[in-house]
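Working notes, structure below.
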Amino acid sequence: MKDEMSSADVSALVYELVHGPYNLIDAKIGKIYQPFSDEIRINLFIHGKGRDNLILEAGKRAHISRNLPPNPKLPPSFPMLLRKHLLGGRILDISQYDFDRIIEIRIVRGGVETVLVAELFARGNIVLLNSERKIILPMKPVTFRGRKIRSGETYEYPESKVNPLKITEEGMKDLLYTSTSDLVRTIATKMNLGGNFSEEICLVSGIDKNRSAKEIDDQEISILCESVKDVLSPLVSGDLKPNIVNKKKNDELEPVNVNPFDLKIFEKYEKKYYESFNEALDEYFGKASLEKVDEKVETVKKDKTGVFERRLQQQEAAISKFEKQSEKYVQAAEKIYSNYQDIEHIMDVLNNARNKGYSWNEIKSIIKSSKDSTPAAKSIINIDPGKGIIVLDLDGTNLEININKSIPQNAEMYYEKSKKVTRKREGALKALEETKASMQKKEKKEPSKRKIIRKPSWYERFRWFISSDGFLVVGGRDADTNEEIVKKYMEKRDLFFHTQAPGAPVTVIKTEGKEVPSTTIEETSRFVVSYSSLWKLGHFAGDCYMVKPEQVSKTPESGEYLKKGSFVIRGERNYFKNVPMRVAVGIEKDTPRVIGGPVSAIAERGEYIIELIPGKFNQNDIAKKIYRILVDSVEDVSLVRQIASSDKIARMLPPGGSDIV
């Protein structure tokens with residue numbers, strides 16, 4: 001089953017989004033959601049049509065969709081920051097980069113242009129760029145060799161492939177003669193076309209797809225170029241015929257492929273045609289995605305103990321796989337020894353031919369012409385001169401033999417592989433026993449019968465923690481709550497904290513007229529920097545300052561303007577430099593609720609403490625990880641489910657990505 005879009009699919013989709021019935025040029029950007037870790041949904045208002053939704057799933061698909069999964073109750077930081085830059089903006093243009101699986105959406109808002117890039121290839125990303133192509137925000141900050149996808153970096157494309165729409169005979173010749181693979185794989189990878197369109201080109205050209213790419217002559221190269229133009233011509237003309245290919249399985253039709261136009265390789269299959277490629281993509285990918293969500297929800301409902309059982313099944317399957325692999329490698333080594341003389345003869349013949357000056361292409365040609373008359377030639381399946389590997393048919397099994405090693409060394413190589421897999425099997429067996437022990441432990445736990453009914457305190461709407469010394473510390477979540485804390489809850493006897501960095505919570509220690517110890521001051525400074533934008537930027541330390549409430553004012557200097565949530569600080573500030581950033585979440589000992597904040601404060605008042613540092617997992621993902629840890633660790637699982645859902649945990653986490661210490 002096809003599980004991702006090809007470059008040709010992307011080309012057809014972009015054509016429709018610019019020229020077809022789903023024209024999105026001048027559409028207005030509405031709210032943006034992130035239902036899954038790799039997927040965003042952009043709500044659009046399309047002039048003359050109304051509202052619609054564009055799905056962008058990194059590494060997989062993009063299309064207008066009516067099959068919409070439910071959104072998380074607590075939105076992750078990525079879509080919220082996209083809203084900040086894009087909400088209310090208009091789409092200027094949509095394009096495909098150089099026939100690659102990359103879609104660029106140019107957007108303007110308030111005269112400021114940005115570019116939203118959707119990478120639909122494996123390990124792809126969704127990235128927001130400014131007009132100078134500097135990265136404002138990536139969905140997943142990552143670093144590859146020679147390519148950084150991080151805020152502030154200049155966006156660079158991955159290594160480009162050959163554009164099949166612009167291929168020349170000379171270019172085709174270079175592409176084929178530098179390949180070490182067969183024809184169909186060379187076209188699929190070097191032209192970025194994927195399997196189906198490569199198979200189609202070989203079929204239309206009449207050239208055997210399994211032939212070595214280097215063997216194709218000039219006349220066949222000319223035919224191939226014409227076949228590429230012929231197969232891909234609908235992408236140029238826009239004459240699309242979108243369809244889903246269905247295959248019979250257990251007397252029922254199942255979708256196995258989606259294409260923008262008819263392909264001869266699917267001639268004998270049943271097809272369903274659609275008015276637009278967007279509709280076909282949504283039916284194929286969107287519907288399947290939604291069905292997976294429904295299946296997951298149904299599985300959770302039916303199977304309360306599914307976590308351990310699934311883990312057990314996976315471990316048992318892995319053990320079985322390792323056992324088969326180990327046996328396979330041992331048999332391979334034994335076959336090498338049982339065919340010792342035949343292998344030795346073949347290696348001697350090849351080495352003698354090389355010593356006489358024959359090229360590898362000449363040797364391959366001789367072997368090919370001798371297959372019917374010479375048993376040794378018949379057993380040679382393939383030769384890879386670059387790696388010094390020959391593939392031999394030994395008693396019906398194809399095995400790789402390194403011609404630069406002796407026969408015992410080749411056999412030992414397979415024995416070593418068997419030993420390595422055996423070690424993996426032993427590790428999996430140990431993990432299996434641990435899972436069984438965890439299941440037994442869970443079965444012994446008595447379910448909690450108590451129901452938690454608790455009226456939340458006023459400060460739980462904000463960011464907050466109770467210090468080691470018992471002081472309440474309250475911080476804002478956004479501009480509105482920053483404003484509310486200062487105007488409604490800050491008293492003259494309190495202490496005010498903030499950072500120089502934007503996006504930091506206004507934070508107040510409620511002193512109640514008592515002297516505040518240094519431990520509370522230190523914990524508050526850690527709280528302020530950790531819940532600021534510095535965490536999201538991946539910093540591990542930051543600066544903040546403390547002032548008295550009378551130094552905080554909403555009255556700006558003459559001629560200046562203060563936006564909501566901002567304040568003027570007058571007078572001397574007490575600075576705290578290089579404050580380390582690390583937080584913890586846990587369950588409070590006395591009051592059954594989730595707490596989060598500086599490690600020392602949470603360790604004092606909580607149990608089942610989980611420490612965090614800035615990292616790669618977004619709020620939703622890390623909250624789910626913490627929830628699973630608590631479910632596995634806390635005896636009263638019912639209590640965890642009532643008071644520590646992943647949504648409640650996420651409210652206690654800093655903005656941006658985190659890692660568990």
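For the reader, a short list of remarks on this structure follows.
Conditions tested, residue by residue: (1) farther than 25 Å from ILE216 by Cβ; (2) touching a Pro at 6+ places or on another chain (Cβ under 9 Å); (3) surrounded by 14 or more Cβ atoms within 10 Å (Cβ to Cβ); (4) modelled with pLDDT under 85.
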position: VAL293; (1), (2), (3), (4): yes, yes, yes, yes
position: LYS296; (1), (2), (3), (4): yes, no, no, yes
position: ALA317; (1), (2), (3), (4): yes, no, no, no
position: LYS328; (1), (2), (3), (4): yes, no, yes, no
position: ILE346; (1), (2), (3), (4): yes, no, yes, no
position: ASN352; (1), (2), (3), (4): yes, no, no, no
position: SER373; (1), (2), (3), (4): yes, no, no, yes
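- Where helices (runs of 4 or more DSSP H) fall wholly inside segment 498-616, the ranges with 1 or more residues that are touching a residue at least 24 places away in the same chain (Cβ under 8 Å) and closer than 30 Å to ILE453 by Cα are 518-530, 599-605.
- In this structure, ARG147 does not qualify as closer than 22 Å to ASP3 by Cα, surrounded by fewer than 18 Cβ atoms within 10 Å (Cβ to Cβ) and at pLDDT below 95.
- Segment 467-480, residues that are buried (at least 19 other Cβ atoms within 10 Å of the Cβ) and either farther than 13 Å from VAL516 by Cβ or without any contact (Cβ under 8 Å) to a residue 12 or more places away in the chain (or both): VAL474, GLY475, GLY476
- A Cβ distance below 7 Å, combined with a sequence gap of six or more or placement on separate chains, defines the contacts here; from segment 373-389, residues that are on the phi > 0 side of the Ramachandran plot reach residues that are assigned to a loop (DSSP other than H, G, I, E, B) and at pLDDT 85 or above in the pairs GLY388/ILE403; GLY388/ASN404.
- ASP52 falls short on exactly one of the conditions (1) surrounded by 23 or more Cβ atoms within 10 Å (Cβ to Cβ); (2) over 18 Å from the mean Cα position of the chain (by Cα), and that condition is (1).
- Some residue of segment 395-412 being assigned by TED's automatic domain parsing to the domain that holds GLN315, in a helix (DSSP H, G or I) and under 39 Å from the mean Cα position of the chain (by Cα): yes
- Selection from segment 536-558 of residues that are in contact with a strand residue (DSSP E or B) (Cβ under 7 Å, 6 or more places away or on another chain) and either small (Gly, Ala, Ser) or not assigned by TED's automatic domain parsing to the domain that holds LEU612 (or both): GLY538, ALA541, GLY542, SER553
- Number of positions in segment 376-404 that are at pLDDT below 85 and touching an Asp or Glu at 6+ places or on another chain (Cβ under 8 Å): 2
- LEU630 satisfies every condition listed in (1) touching a strand residue (DSSP E or B) at 6+ places or on another chain (Cβ under 7 Å); (2) more than 25 Å from LEU534 (Cα to Cα); (3) not in a helix (DSSP H, G or I) except (3).
Yes/no matrix, rows are residues, columns are (1) over 20 Å from ASN259 (Cα atoms); (2) of a type outside the set (D, E, K, R); (3) in the same structural domain as SER646 (by TED's automatic domain parsing); (4) part of a helix (DSSP H, G or I):
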| residue | (1), (2), (3), (4) |
| --- | --- |
| VAL18 | no, yes, no, yes |
| ASN23 | no, yes, no, no |
| TYR33 | yes, yes, no, no |
| GLY48 | yes, yes, no, no |
| ARG51 | yes, no, no, no |
| LEU56 | no, yes, no, no |
| ARG83 | yes, no, no, yes |
| GLY88 | yes, yes, no, no |
| LEU92 | yes, yes, no, no |
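- Flag for LEU74 being out of contact with any helix residue (DSSP H, G or I) (no Cβ under 9 Å at 6 or more places or on another chain) and not in a helix (DSSP H, G or I): no
- Only one of LEU534, LEU432, LEU495 that is more than 28 Å from SER553 (Cβ to Cβ), surrounded by 13 or more Cβ atoms within 10 Å (Cβ to Cβ) and either of a type outside the set (Ser, Thr, Tyr) or within 36 Å of the chain's Cα centre (by Cα) (or both): LEU432
- Scanning segment 320-358 for residues that are of a type in the set (D, E, K, R) and outside any helix (DSSP H, G or I) gives a single hit, LYS356.
- Residue within segment 216-223 that is among the hydrophobic types (A, V, I, L, M, F, W, C) and assigned to a loop (DSSP other than H, G, I, E, B) present: yes
- If only residues of segment 204-233 that are surrounded by fewer than 18 Cβ atoms within 10 Å (Cβ to Cβ) and within 30 Å of GLY20 (Cα to Cα) are counted, the one that is farthest from the chain's Cα centre (by Cα) is GLU226.
- Which numbered condition ILE244 fails, given (1) surrounded by 19 or more Cβ atoms within 10 Å (Cβ to Cβ); (2) part of a helix (DSSP H, G or I): (2)
- Within segment 82-137, considering residues that are over 24 Å from SER6 (Cβ atoms), in contact (Cβ under 8 Å) with a residue 40 or more places away in the chain and under 18 Å from the mean Cα position of the chain (by Cα), the one surrounded by the most Cβ atoms within 10 Å (Cβ to Cβ): LEU82
The values are calculated or read from the model by the stated rules, or taken from the named source; none is laboratory data. Note that this is a predicted model, so its numbers are computed, not measured. Every residue, glycine among them, receives a Cβ derived from its backbone with ideal geometry; neighbour counts consider all protein chains shown.
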